Amino acid sequence: MAYIVWKDSFNIGVKEMDEQHRLFVGYVNELYDAIQSGNAEAIVTPILDKLTDYIQLHFAAEENIMKSINYPMLETQKAQHVYFVSELTFLKSSFLDKSQTAHNMFLFLKDWFIHHITTEDLKYAQIINKIDTESAEFD
Ligand SMILES: [Fe+2]
């Protein structure tokens, strides 16, 4: 297990979203530090709360961008976002009743998020980037 190291291939090319994705990854890495420090229990719950608050703000911002371009797969994205938020809530409660390790939480958050941004988010980004290129041609 290791930190999530940000790679260029994680960037979708929509600046504001890339910044938010990176910030979220930073919070997931904070969770990793908490696990490594050995006193994970005391600090994992506040980190999960912060992750949950932040991801909701991020998903709302992202959905607004998708709406603004009439993104055809908005509903698919929304469903995935709802799933992730409910999964975070579930992880938190299962961690509290000790049926979930901090290690497994880290792996889930890392894998889900990186997979989501490099597949689903990339699709709307490609549309936005195409629009940007086209409008730039008329400048
Ligand atoms: Fe998304």
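The values are calculated or read from the model by the stated rules, or taken from the named source; none is laboratory data. Keep in mind it's a predicted model, so treat the numbers as computed, not measured. Counting neighbours? That spans all protein chains shown, and the Cβs are built from the backbone with ideal geometry, glycine included.
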Practice item. Taking Ala79 as meeting all but one of (1) within 12 Å of the ligand (Cβ to nearest atom); (2) surrounded by 14 or more Cβ atoms within 10 Å (Cβ to Cβ), write down the number of the exception. Key: (2)
Review point. Quick one: what pairs do we get from the range 97-112, first residue under 13 Å from Val44 (Cα atoms), second modelled with pLDDT under 95 and loosely packed, with under 12 Cβ neighbours inside 10 Å, C-beta under 7 Å, 6+ apart or different chains?
Key: His103/Met1; Phe106/Met1
Check your understanding: Are any of the residues in the range 52-60 within 14 Å of the ligand (Cβ to nearest atom) and small (Gly, Ala, Ser)?
Key -> yes
Revision key, fill the gap. Note: among Ala125, Ala102, Ala136, just one is surrounded by 15 or more Cβ atoms within 10 Å (Cβ to Cβ), modelled with pLDDT under 95 and farther than 14 Å from Phe24 by Cα, namely Ala102
